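Undergrad: Input: one structure, supplied below.
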Amino acid sequence: MRKQQSAILGDQLKAEWLPLLHKDQDDCTILKRTPWVGAKSLLGKLTQQLDGLHRLDLLTWHNATVPPEEIWVKIGGDKGGGTFKQVFQIANVCRPNAQRNTVVVVLFPADDVTGNLKIALQQHGVEVSELQTCQWKNKALRVFIFGDYEYLCRIYGITGASGRHSCLWCTCTKEEMRTPQAQRESQPRDLTSMERDLAKFMDDGGRLPHAKFYNNVISQPLFNVPIDQVCPPGLHISLGLYLKHFNAFERECHLIDKQVSMLATTPQQDFSPAFKSASAQYRKALQLEEEAAGLGDSASILMEHLPTVADEHHARIYQTAISQHLEEKNKLMREADHLRSSASFEVGDGPIARQLDDTLQKFRVCRQAYHGKSFVGNHVHRCSREENVDMLTGSMVDTVKRICPQLQEQALATAKKHNTLFRLFGVCHRQYNTAEMVTKEQIDALDDTIKAYLSFFRSNFPDETVPPKMHLLEDHVVPFMRRWGVGLGFLGEQGVESVHARLNEIKVNVRGLPDELQVLRSVMVTHWVQTRPGAK
């Protein structure tokens, strides 16, 4: 084992303490001495992996999807299991997303906020940019970037999903995203245009409240990798959109619950003004909560960048803006709470909405209670199967028939509408998240399905918002797949998710070391041994 470690590590691993941002017990941002472990040379570690794969004849060019003169390298990061991991994956293998092909090159226990990424990935960012001019055995290295959407926005220096120009790939505004793609025009982003926007932003004083005037570009990209080599986050697109549609279905079930509760009190009578008032109040509360969440996101962005402000004048501007955002957010939340208190019960407390979770459990899906009742990747796969879509929407109709037959027609109409939406989304999800090579015909079919999905959504849910992830699906997924000939699952973020659990398993077995830095280094050493080419 020691010989293996010596051969793999050589002089490639570096361990040190860095000042990184953390939240204290009062939820305030503080600088804290934090252990950091990483590769001394990204190119050196990548070359070691390539040499090992070459020696074992494990490299492939996927039937010429990868040009024979190129090596495709995926680079990305994610926070999970208490630590942030920056990783690379070599795409010229049979299973690029396999755990054994996911090599961690930076590891630290802190959030992946902008300030931390700038400090912890400083050397790594320079090396990623330089990789694109390097060769291995006369083959050019082509770098692709992957990660969840928040990570990608921080890496490329835009404010993110809460900004007016929230898309990393184009300058489309949130208002424009509501319009079908064929009826609008937006300018694609590239590194040059983003550099121009940043220069204008800085000339205006670098004030975050003014970022919207400069396409929301607020800092230099950490990686100089072209935007068309950034993979849209297919897994997180699916997670976000499925949760959005499920929540909409749950809200409609809740509205039926409210009707059921009133009809149970006054059977066979028309809906009373009290019911109409309660429903209107509930919708208003949801709207206020969405506005409050947007203000909270804006305040978080300002707080992330506050430690990097150079002078007291701009620091006071930031602090004033943060206080105003939080004050308005709290005001909106108080209004929403008052409206909710007027309603008779919360979402999920009524029999119609409650049975949705009961049905989910029948196909082994249990939502994360402490994470906004969100889903994970495998959940979306299961929930999007047509037989499970039918079970979910059908169970709602069956429950209404049983407890309030007079609302059966309304329940059928609601179920039919959401069944069609879930099915259309499910087809899109399966087609773009494939980890296989894709043909022109397959991409054309996906393009048609996305158009049908968005058309149905806009026609049947006119009051629903079009979030940035839906815009990514509508505008940028198909062009990326046409450009590179693979599904998002091939070049996307799916593989890094499994590394979190594995590194925590390794850490459990680390004993007898004096401090966190030595523990983190030991975890990285074991991980590198386990991910060497040919490891069992």
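The values are calculated or read from the model by the stated rules, or taken from the named source; none is laboratory data. Remember, predicted model here, so these are calculated numbers, not experimental data. Using ideal geometry, Cβ is built from the backbone for each residue, glycine included, and neighbour counts are taken over all protein chains shown. Keep in mind that these areas ignore ligands, DNA and RNA; they rest on the heavy atoms of the full protein, side chains included. Shrake-Rupley method; radii C 1.70, N 1.55, O 1.52, S 1.80 Å.
Undergrad: Probe radius 1.4 Å, ligands and nucleic acids ignored: give me the carbon and sulfur share of the accessible area of region 312-362 as a rounded percent. Could the numbers behind the result be given before it?
TA: Values: 1470 of 3130 Å².
Answer for region 312-362 is 47 percent, counting heavy atoms of protein chains only.
Undergrad: Can I ask one more? Under a point-charge model restricted to the Cβ atoms of Lys and Arg (+1) and Asp and Glu (-1), what is the dipole moment magnitude of the chain relative to its Cα centre, in debye to the nearest 20? List each step's numbers first, then the result.
TA: Numbers: 64 positive and 63 negative charges, 283 e Å.
The dipole of the chain has a size of about 1360 debye.
Undergrad: Just want the answer: with Cβ charges of +1 for Lys and Arg and -1 for Asp and Glu, which residue in Ala315, His62, Gln220 is farthest toward the dipole's positive end in the chain?
TA: Comparing the listed Cα positions along the dipole, His62 ranks first.
Undergrad: Where the only charges are on Cβ atoms (+1 Lys, Arg; -1 Asp, Glu), what is the dipole of region 7-72 about its Cα centre, to the nearest 20 debye? All intermediate terms of the calculation are to be shown ahead of the outcome.
TA: Values: 7 positive and 9 negative charges, 48 e Å.
Using only the charged Cβ atoms, the result is roughly 240 debye.
Undergrad: Given axes a ≥ b ≥ c from the Cα gyration tensor, I'd like to know whether region 280-423 is rounded (a/c under 1.5), prolate (a/b larger than b/c) or oblate. If you can, show how the numbers build up before the last one.
TA: Values: a/c = 3.49, a/b = 1.98, b/c = 1.76.
Prolate is the answer for region 280-423, as a/c is 1.5 or above and a/b outweighs b/c.
Undergrad: Could you work out the Rg to Rh ratio of region 108-212, with Rh taken as the Kirkwood radius (inverse of the mean 1/r over all Cα pairs)? Walk me through the intermediate numbers first.
TA: Details: Rg = 16.4 Å, Rh = 16.1 Å.
A ratio of 1.02.
Undergrad: Another question, then. Considering only protein heavy atoms, what per residue accessible area in square angstrom results for the chain with a 1.4 angstrom probe? Numbers along the way, then the final one.
TA: Values: 24860 Å² over 536 residues.
That works out to 46 Å² per residue.
Undergrad: Do any chymotrypsin sites (Phe, Trp or Tyr not before Pro) in region 354-393 lie in a loop, going by DSSP, with at most 11 other beta-carbon atoms within 10 Å of their beta carbon, and if so which?
TA: Working: sites: Phe363, Tyr370, Phe375; in loops: Phe363, Tyr370, Phe375.
Within region 354-393, the qualifying chymotrypsin sites (Phe, Trp or Tyr not before Pro) (loop, at most 11 other Cβ atoms within 10 Å) are Tyr370.
Undergrad: Please work out how much length the chain gains when fully extended from Thr320 to Gln25, using 0.36 nm per residue of separation minus the C-alpha to C-alpha distance, in nm with one decimal. Before the final figure, lay out the partial values.
TA: Details: separation 295, 0.36 × 295 = 106.20 nm, distance 2.28 nm.
Gain on extension, Thr320 to Gln25, equals 103.9 nm.
Undergrad: Now a separate question. What lysines could a cross-link reach from Lys284, if we take a straight Cα to Cα line under 25 Å and drop same-chain neighbours fewer than 8 places away?
TA: Correct list for Lys284: Lys174, Lys244, Lys258, Lys276, Lys329, Lys331, Lys373, Lys417, Lys469.
Undergrad: Right, here's the next one. Classify the chain as rounded, prolate or oblate from the Cα gyration tensor: take a ≥ b ≥ c as the square roots of its eigenvalues, call it rounded if a/c is under 1.5, otherwise prolate when a/b beats b/c and oblate if not. Let's see the in-between values first.
TA: On the way: a/c = 1.75, a/b = 1.49, b/c = 1.17.
Prolate, since a/c reaches 1.5 and a/b exceeds b/c.
Undergrad: Give a quick list of trypsin sites (Lys or Arg not before Pro) in region 460-523 that DSSP marks as loop, anything other than H, G, I, E or B, with at most 11 other Cβ atoms within 10 Å. Please report the intermediate quantities before stating the final value.
TA: On the way: sites: Lys469, Arg482, Arg483, Arg502, Lys507, Arg511, Arg521; in loops: Arg511.
Loop-located and lightly packed - Arg511.
Undergrad: Can you tell me the 0 to 90 degree angle between the C-alpha axis of helix 408-432 and the longest principal axis of the chain, rounded to 10?
TA: Roughly 10 degrees, rounded to the nearest 10.
Undergrad: Moving to a separate point now. Tell me the mean residue ellipticity at 222 nm calculated for the chain from its helices only (DSSP H runs of n ≥ 4, each -39500 (n - 2.57), averaged over every residue, nearest 500).
TA: Working: 20 runs with 290 residues, N = 536.
Here the helix-only value at 222 nm equals -17500 deg cm²/dmol.
Undergrad: In region 132-167, what trypsin sites (Lys or Arg not before Pro) fall in a loop by DSSP, with at most 12 other Cβ atoms inside 10 Å?
TA: Details: sites: Lys137, Lys139, Arg142, Arg154, Arg164; in loops: Lys137, Arg164.
Sites meeting the loop and neighbour criteria: Lys137.
Undergrad: Also, quick follow-up: Using the charge dipole of the chain (Lys, Arg: +1 at Cβ; Asp, Glu: -1 at Cβ; taken about the Cα centre), state which of Ser374, Leu50, Leu360 has its Cα farthest towards the positive end.
TA: With unit charges placed on the Cβ atoms, the residue in question is Leu50.
Undergrad: Taking a virtual spin label 7 Å from the Cα of Ala182 along the C-beta vector, which residues in region 462-492 bring their backbone nitrogen under 16 Å of it?
TA: So the set is 474-475.
Undergrad: Would you mind computing Rg(Cα) / (2.2 N^0.38 Å) for region 1-154, counting N as its residues?
TA: 1.13
Undergrad: Further, regarding this structure: Tell me, what is the FRET efficiency for Asp357 and Arg458 to the nearest 0.05, using R0 = 30 angstrom and their Cβ-Cβ distance as r?
TA: On the way: r = 29 Å, r/R0 = 0.95.
Approximately 0.60, to the nearest 0.05.
Undergrad: Let me ask something else. Once phi is turned into ³J(HN,Hα) by the Karplus curve 6.51 cos²θ - 1.76 cosθ + 1.60 with θ = phi - 60°, what whole-Hz value does each residue of region 210-215 show in order, with x for glycine and proline?
TA: 9, 4, 4, 7, 10, 6
Undergrad: Name the lysines eligible as straight-distance cross-link partners of Lys14: C-alpha to C-alpha under 21 Å, and not fewer than 8 places from it in the same chain.
TA: Output for Lys14: Lys3, Lys32, Lys40, Lys45, Lys79, Lys85, Lys118, Lys507.
Undergrad: Lys/Arg Cβ at +1, Asp/Glu Cβ at -1, dipole of region 412-536 taken about the Cα centre: which of Val529, Gln442, Asn419 is farthest positive-ward?
TA: It is Val529.
Undergrad: With the cut-off at 1.5 for a/c, could you classify region 288-368 from its C-alpha gyration tensor as rounded, prolate or oblate? List each step's numbers first, then the result.
TA: On the way: a/c = 7.10, a/b = 2.08, b/c = 3.41.
Oblate shape, in that a/c is at least 1.5 and b/c is the bigger or equal ratio.
Undergrad: Considering amide H positions built from the backbone, and no H for Pro or chain starts, which residues 5 or more places from Arg142, or on another chain, come under 5 Å of its amide H?
TA: Ile71, Trp72, Val73
Undergrad: With a bin width of 10 angstrom, please list the P(r) values of region 164-237 as percents of all Cα-Cα pairs, from the 0 bin to the one holding the largest distance.
TA: 18, 46, 32, 4
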